[in-house]
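Student: Structure below; questions to follow.
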Amino acid sequence: MNFNLDHFKESLIYGLIYLPNTLRLVFIPLVIGLSLGTLIALVRVYKVPVIGSLLALFVTVYQGVPIVVALMIYNLIFMLKFNDLAAFLHLKSEVSDVNNIWVGIFALSLTSVCSISEAIRGALLSIDKGQNEAGDSVGLTKVQTIVRIIIPQMIPVAIPMLINNVVGLIKASSVVMAIGIVEIVAGATIPSSRTYAFFEGYAAAAMIYWAFTAVVEGLAQKLKKYTGKFRRNLYD
Amino acid sequence: MGKLFAWDRFYENIPKILPYLSVTFSIVVYATVFGVLLGMVIVLVQIKKIPGLSQLVKVYVSFMRGTPMLVQLMLVYYGIPALLDPVLGTKINREWGAVNFAYVTFILNQGAFLSAIFYSAITSIPYGQTEAGLSAGLTEFQTFYRIVLPQMVKTALPPFGSDLVGLFQNSSLVFLIGVTDIMGRAKTIGTATKHVLEAYVLVVIIYIVISLSVRLVFFRLNNKMNYGKEEIG
Amino acid sequence: MIEVKNIKKEFGKHLVLKDVSVKVEDGQVVVILGPSGSGKTTLLRCINFLENADSGRLTIGDTEVDLKRAGKKEILNIRRKTAFVFQNYNLFANKTAIENVMEGLVTARRVPKAKAREQAEEALNWVGLSDRYDYYPAQLSGGQQQRVGIARAFVLDPEVILFDEPTSALDPELVGETLDIIKRVAEKGITMIVVTHEMSFAQDVADKVIFMDGGVVVEEGTPEAIFSNPREERTRQFLSRIISLDPNYSI
């Protein structure tokens with residue numbers, strides 16, 4: 001069996017050095033996904049005319065596109081058209097000056113907006129219609145009911161799905177190595193191109209991801225207990 | 001450089017790319033068929049709580065769910081030759097085509113994901129159903145096969161459908177280890193002609209069509225298996 | 001005074017309310033009886049705009065609105081003059097008993113928090129839940145939840161409280177205590193419209209009984225008139241069926 005522990009350790013260190021890039025690739029799309037995703041879910045659940053159906057169509061179709069293919073397309077367009085755009089906007093920057101990590105963040109954001117909107121829509125649909133009626137009956141406005149009653153109840157229902165989305169996002173962020181962005185995977189395999197210890201390099205990357213997702217799932221358990229306090233039942 | 005996107009190049013690409021759909025489908029079929037079998041074995045180990053083995057599969061499933069598909073693909077691609085060749089004296093490194101590594105990875109990955117779906121489906125059926133079956137004089141196997149399994153299939157169907165959609169999409173990663181699937185073919189067209197956007201767009205359309213069809217099929221199946229319950233939503 | 005005029009409501013092809021008009025004087029308790037599917041719940045829900053009627057007019061005090069064409073502001077205005085007690089309670093699941101009662105006061109009526117809390121405590125004490133302020137709905141029994149529901153409606157000091165079968169989701173042993181609370185609300189002189197199947201409650205508390213069937217008002221009058229001397233055959237049939245089922249009821 002060929003497994004060199006020293007190469008593995010070196011790769012582990014290199015992978016961790018580039019962990020901040022993965023964090024950016026996860027955190028920014030997550031924030032965008034949560035805000036736009038919630039908005040899309042609300043628009044769809046409360047059946048806003050035209051926009052609701054258009055967004056439903058977009059989400060359904062876009063969810064059929066593999067992230068790596070979308071990424072390659074965005075990167076291609078970025079490479080070919082950035083200089084034109086910069087010239088058009090009278091910016092003094094060229095494609096070579098701009099870090100294409102933003103292409104990765106853009107692609108991951110779109111994916112996360114779609115999947116998070118689906119998770120939140122499911123959670124919203126699970127809330128009893130009577131809660132809206134109760135809000136109406138005591139004289140709350142639609143917005144007050146959504147903000148004060150519906151969203152707080154939606155959060156604990158959505159959390160398990162959202163955690164899946166975060167874990168999915170962490171894992172999906174690895175595909176950006178296909179357009180040459182250095183994050184955990186590409187970082188961990190930097191030493192491998194010198195030592196040819198690719199197996200050790202990828203094993204190191206796997207360990208980092210495994211630990212990362214485990215931490216997220218652990219935090220999620222705590223969060224669920226905190227936000228779901230009103231769901232606790234005496235008779236449980 | 002010319003135009004970024006030209007329809008005639010797009011049409012020319014259709015006959016060049018479509019044949020490679022067979023590679024995508026073969027990966028999905030292998031991964032599903034053997035993944036289901038592997039998944040069932042894993043569930044059996046978990047339910048029967050076989051000592052040692054059940055802890056092992058727990059770690060295995062956790063690893064498969066907690067690491068990126070891309071990394072798993074690379075681990076298999078570099079790991080199988082590195083681990084097996086020196087021990088068994090084989091020459092996997094030179095003799096295996098890239099697609100074989102893809103098969104292995106996707107089977108291992110699907111086995112883990114499907115086991116989780118099956119496991120939660122089985123445990124979602126109340127034990128009262130089993131008791132009712134046994135008390136009606138059915139054997140344990142009859143109870144499982146005639147009562148529990150049909151209800152379990154109904155529960156497992158929607159997540160199985162989403163998993164299948166995800167599997168098709170994930171299969172697009174195999175071009176990164178040099179397998180020529182539709183995406184791999186699109187890249188080679190790009191290298192040869194310097195025009196790749198049309199090819200990529202075609203690939204996107206193919207994936208969208210596949211994803212919508214799979215979702216439609218599972219939506220229909222799900223409606224067929226309602227057992228008298230109203231659809232919600 | 002509350003008046004509903006010529007209300008119509010269709011669900012698909014099914015005409016649920018065919019030109020119904022109802023008038024309730026201030027301080028009156030009106031009980032609406034009728035078989036299921038008679039449109040009585042729909043009538044109540046239309047008054048609170050939980051359903052949109054296809055036509056009709058509604059007057060509450062000095063406010064008159066068109067039930068079909070009312071704008072957002074008008075709807076909110078009507079809802080702030082009315083309160084609703086639901087069959088399945090519909091307490092806000094993410095709020096404690098006291099927060100449920102305070103919500104309408106603080107958010108809809110802009111009552112300062114401290115004052116709202118005071119009023120909410122008083123309301124909860126009044127329905128006998130002084131020891132349950134900080135319980136979430138999931139921690140309360142059905143009867144307790146419905147009492148919070150009544151307090152939540154009552155605390156708003158509305159011009160009318162609409163009760164939609166307030167006891168039909170409760171276990172039989174909890175029906176009595178809940179009806180007692182509703183009776184006490186009635187004794188305070190609050191205008192109420194109550195949809196219920198509880199005949200003895202109707203007889204004891206109602207100033208007026210309305211019998212609905214098939215989307216129309218078949219007959220209305222004092223409880224004595226309706227129960228001991230119904231004019232319409234449909235009313236007679238309904239009453240005889242209900243009374244034979246209800247052991248508590250005796251004339």
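The values are calculated or read from the model by the stated rules, or taken from the named source; none is laboratory data. Only a predicted model underlies this, so the values are computations on that prediction, with no experimental measurement involved. Note: ideal-geometry Cβ built from the backbone for every residue, glycine included; neighbour counts use all protein chains shown. Each accessible area value is taken on the protein alone, full model and side chains, heavy atoms only, with ligands, DNA and RNA left out. Shrake-Rupley method; radii C 1.70, N 1.55, O 1.52, S 1.80 Å.
Student: Six or more apart or on different chains, Cβ atoms under 6 Å: show the pairs whose first residue is in the range C:199-223 and assigned to a loop (DSSP other than H, G, I, E, B) and whose second is open to solvent by 20 Å² or more (accessible area, probe 1.4 Å).
Tutor: Cβ pairs passing all conditions: C:Asp207/C:Gln28; C:Gly215/C:Leu15; C:Gly215/C:Lys18.
Student: Also, I was wondering about something else. As an exercise: evaluate A:Ile120 against (1) of a type outside the set (Ser, Thr, Tyr); (2) open to solvent by less than 40 Å² (accessible area, probe 1.4 Å); (3) over 19 Å from A:Lys225 (Cα atoms); (4) away from chain C (no Cβ under 14 Å) and give the number of the one condition it does not meet.
Tutor: (3)
Student: Also, I was wondering about something else. Being modelled with pLDDT of 90 or more and under 13 Å from A:Val138 (Cα atoms) narrows it down to one of C:Val85, C:Val111, so name that one. Step through it out loud before you land on a result.
Tutor: Working: C:Val111 fails: under 13 Å from A:Val138 (Cα atoms).
One residue alone meets the criteria, C:Val85.
Student: Tell me, please, whether a residue that is free of Cβ contacts under 8 Å to residues at least 60 places away in the same chain and polar (S, T, N, Q) can be found in the range A:107-120.
Tutor: No, every residue in the range A:107-120 fails to be free of Cβ contacts under 8 Å to residues at least 60 places away in the same chain and polar (S, T, N, Q).
Student: Which numbered condition in (1) at pLDDT below 90; (2) within 14 Å of chain A (Cβ to nearest Cβ); (3) surrounded by fewer than 19 Cβ atoms within 10 Å (Cβ to Cβ) is the only one that B:Ile80 fails?
Tutor: (3)
Student: Could you please let me know if B:Ala82 is in a helix (DSSP H, G or I) and touching an Asp or Glu at 6+ places or on another chain (Cβ under 9 Å)? Reasoning before the result, please.
Tutor: On the way: in a helix (DSSP H, G or I): yes; touching an Asp or Glu at 6+ places or on another chain (Cβ under 9 Å): yes.
Answer is yes for this residue.
Student: Which is surrounded by fewer than 20 Cβ atoms within 10 Å (Cβ to Cβ), within 23 Å of B:Asn170 (Cβ to Cβ) and among the polar types (S, T, N, Q), of A:Asn132, A:Asn164?
Tutor: A:Asn164
Student: May I pose another question? Going by what's in this entry, would A:Tyr209 be described as open to solvent by 40 Å² or more (accessible area, probe 1.4 Å) and either touching a helix residue (DSSP H, G or I) at 6+ places or on another chain (Cβ under 8 Å) or farther than 17 Å from B:Ile177 by Cα (or both)?
Tutor: Values: open to solvent by 40 Å² or more (accessible area, probe 1.4 Å): no; either touching a helix residue (DSSP H, G or I) at 6+ places or on another chain (Cβ under 8 Å) or farther than 17 Å from B:Ile177 by Cα (or both): yes.
No; evaluated as a whole, the condition is false for this residue.
Student: Shifting gears a bit: Sort through B:Phe101, B:Phe106, B:Phe113 and tell me the only one that's among the aromatic types (Phe, Trp, Tyr), at pLDDT 90 or above and in contact with a Lys or Arg (Cβ under 8 Å, 6 or more places away or on another chain). Walk me through it before giving the result.
Tutor: Values: B:Phe101 fails: in contact with a Lys or Arg (Cβ under 8 Å, 6 or more places away or on another chain); B:Phe106 fails: in contact with a Lys or Arg (Cβ under 8 Å, 6 or more places away or on another chain).
Of B:Phe101, B:Phe106, B:Phe113, the one residue that is among the aromatic types (Phe, Trp, Tyr), at pLDDT 90 or above and in contact with a Lys or Arg (Cβ under 8 Å, 6 or more places away or on another chain) is B:Phe113.
Student: A further question follows. When only residues in the range B:142-181 that are more than 9 Å from chain A (Cβ to nearest Cβ), farther than 30 Å from B:Thr123 by Cβ and in a helix (DSSP H, G or I) count, which is modelled with the highest pLDDT?
Tutor: B:Val174
Student: Of the residues B:Val153, B:Val174, B:Val99, B:Val104, only one is β-branched (Val, Ile, Thr) and open to solvent by less than 20 Å² (accessible area, probe 1.4 Å); which?
Tutor: Details: B:Val153 fails: open to solvent by less than 20 Å² (accessible area, probe 1.4 Å); B:Val99 fails: open to solvent by less than 20 Å² (accessible area, probe 1.4 Å); B:Val104 fails: open to solvent by less than 20 Å² (accessible area, probe 1.4 Å).
The match here is B:Val174.
Student: Further, regarding this structure: Identify the single condition in (1) within 22 Å of A:Leu80 (Cα to Cα); (2) open to solvent by less than 50 Å² (accessible area, probe 1.4 Å) that B:Thr193 does not satisfy, given that it satisfies every other one.
Tutor: With (1) within 22 Å of A:Leu80 (Cα to Cα); (2) open to solvent by less than 50 Å² (accessible area, probe 1.4 Å) applied to B:Thr193, the lone miss is (2).
Student: Looking at the range A:135-154 only, could you name the residues that are more than 9 Å from every other protein chain (Cβ to nearest Cβ) and surrounded by fewer than 18 Cβ atoms within 10 Å (Cβ to Cβ)?
Tutor: A:Val143, A:Val147
Student: Additional query: Just one of (1) open to solvent by less than 20 Å² (accessible area, probe 1.4 Å); (2) not in a helix (DSSP H, G or I) trips up B:Leu70, so point out which.
Tutor: Among (1) open to solvent by less than 20 Å² (accessible area, probe 1.4 Å); (2) not in a helix (DSSP H, G or I), the lone unmet condition for B:Leu70 is (2).
Student: How many residues are out of contact with any strand residue (DSSP E or B) (no Cβ under 7 Å at 6 or more places or on another chain), within 10 Å of chain A (Cβ to nearest Cβ) and of a type in the set (D, E, K, R) if we restrict to the range C:74-112?
Tutor: So the count comes out to 6.
Student: Taking the criterion of being at positive phi, at pLDDT below 95 and buried (at least 21 other Cβ atoms within 10 Å of the Cβ), would at least one residue in the range C:12-31 satisfy it? Walk me through how you get there before you give the answer.
Tutor: So the first thing to find is which residues in the range C:12-31 are at positive phi, and the list is C:12, C:19, C:27.
From what's left, at pLDDT below 95: C:12, C:19, C:27.
Next, from what is left, pick out any that are buried (at least 21 other Cβ atoms within 10 Å of the Cβ): none.
No: zero hits.
Yes/no per residue for (1) within 12 Å of chain B (Cβ to nearest Cβ); (2) part of a helix (DSSP H, G or I); (3) without any contact (Cβ under 8 Å) to a residue 40 or more places away in the chain:
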residue	(1), (2), (3)
A:Leu23	no, yes, yes
A:Ser53	no, yes, yes
A:Ala56	no, yes, yes
A:Tyr74	yes, yes, yes
A:Asn83	yes, yes, yes
A:Gly104	no, yes, no
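Student: Could you check the range C:163-215 and list, in sequence order, the residues that are under 16 Å from C:Leu43 (Cα atoms) and of a type in the set (D, E, K, R)?
Tutor: Residues satisfying the conditions are C:Asp164, C:Glu165, C:Asp213.
Student: Does A:Ile13 fit the bill of being more than 10 Å from chain B (Cβ to nearest Cβ), surrounded by fewer than 21 Cβ atoms within 10 Å (Cβ to Cβ) and touching a residue at least 12 places away in the same chain (Cβ under 8 Å)?
Tutor: Details: more than 10 Å from chain B (Cβ to nearest Cβ): yes; surrounded by fewer than 21 Cβ atoms within 10 Å (Cβ to Cβ): yes; touching a residue at least 12 places away in the same chain (Cβ under 8 Å): no.
Against the criterion (more than 10 Å from chain B (Cβ to nearest Cβ), surrounded by fewer than 21 Cβ atoms within 10 Å (Cβ to Cβ) and touching a residue at least 12 places away in the same chain (Cβ under 8 Å)), A:Ile13 does not qualify.
Student: Just need a number here: residues in the range B:114-134 that are aromatic (Phe, Trp, Tyr) and buried (at least 20 other Cβ atoms within 10 Å of the Cβ). So that I can check it myself, show each step before the final result.
Tutor: Of the range B:114-134, the ones aromatic (Phe, Trp, Tyr) are B:118-119, B:127.
Narrowing further to those that are buried (at least 20 other Cβ atoms within 10 Å of the Cβ): B:118.
Total satisfying the criteria: 1.
Student: Quick one: which helices (runs of 4 or more DSSP H) lie wholly within the range C:62-176 and hold at least 2 residues that are open to solvent by 10 Å² or more (accessible area, probe 1.4 Å) and within 28 Å of C:Gly39 (Cβ to Cβ)? Give the steps one after another, and end with the answer.
Tutor: Numbers: elements: C:72-81, C:97-103, C:113-126, C:142-154.
Ranges flagged: C:72-81, C:142-154.
Student: Quick check on the range A:32-42. Is at least one of its residues within 14 Å of chain B (Cβ to nearest Cβ) and in a helix (DSSP H, G or I)?
Tutor: Step one: filter the range A:32-42 for residues within 14 Å of chain B (Cβ to nearest Cβ), giving A:41.
Remaining after also requiring in a helix (DSSP H, G or I): A:41.
Yes; the residues of the range A:32-42 include at least one that is within 14 Å of chain B (Cβ to nearest Cβ) and in a helix (DSSP H, G or I).
Student: Can you list residue pairs whose Cβ atoms sit under 9 Å apart, with the first residue in the range C:149-163 being within 10 Å of chain A (Cβ to nearest Cβ) and the second being acidic (Asp, Glu) and open to solvent by less than 10 Å² (accessible area, probe 1.4 Å)? Count only pairs 6 or more apart in sequence or on different chains.
Tutor: Here the result reads C:Arg152/C:Glu103, each pair linking the range C:149-163 to a residue that is acidic (Asp, Glu) and open to solvent by less than 10 Å² (accessible area, probe 1.4 Å).
Student: Also, quick follow-up: Checking C:Ala116 against (1) over 26 Å from C:Glu198 (Cα atoms); (2) in contact (Cβ under 8 Å) with a residue 24 or more places away in the chain, only one condition comes out false. Which one?
Tutor: It is condition (2) that C:Ala116 fails.
Student: A follow-up question, please. Please work out if B:Ile50 is outside any helix (DSSP H, G or I) and either open to solvent by 50 Å² or more (accessible area, probe 1.4 Å) or within 26 Å of B:Ser120 (Cα to Cα) (or both).
Tutor: Numbers: outside any helix (DSSP H, G or I): yes; either open to solvent by 50 Å² or more (accessible area, probe 1.4 Å) or within 26 Å of B:Ser120 (Cα to Cα) (or both): yes.
Criteria met by B:Ile50.
Student: Okay, moving on. Could you list, in sequence order, the residues of the range C:182-193 that are open to solvent by less than 10 Å² (accessible area, probe 1.4 Å) and in a helix (DSSP H, G or I)?
Tutor: C:Ile182, C:Val185
Student: Please work out if A:Ala87 is under 21 Å from the mean Cα position of the chain (by Cα) and more than 12 Å from chain B (Cβ to nearest Cβ). It would help to see each step written out before you state the result.
Tutor: Working: under 21 Å from the mean Cα position of the chain (by Cα): no; more than 12 Å from chain B (Cβ to nearest Cβ): yes.
The answer is no for A:Ala87.
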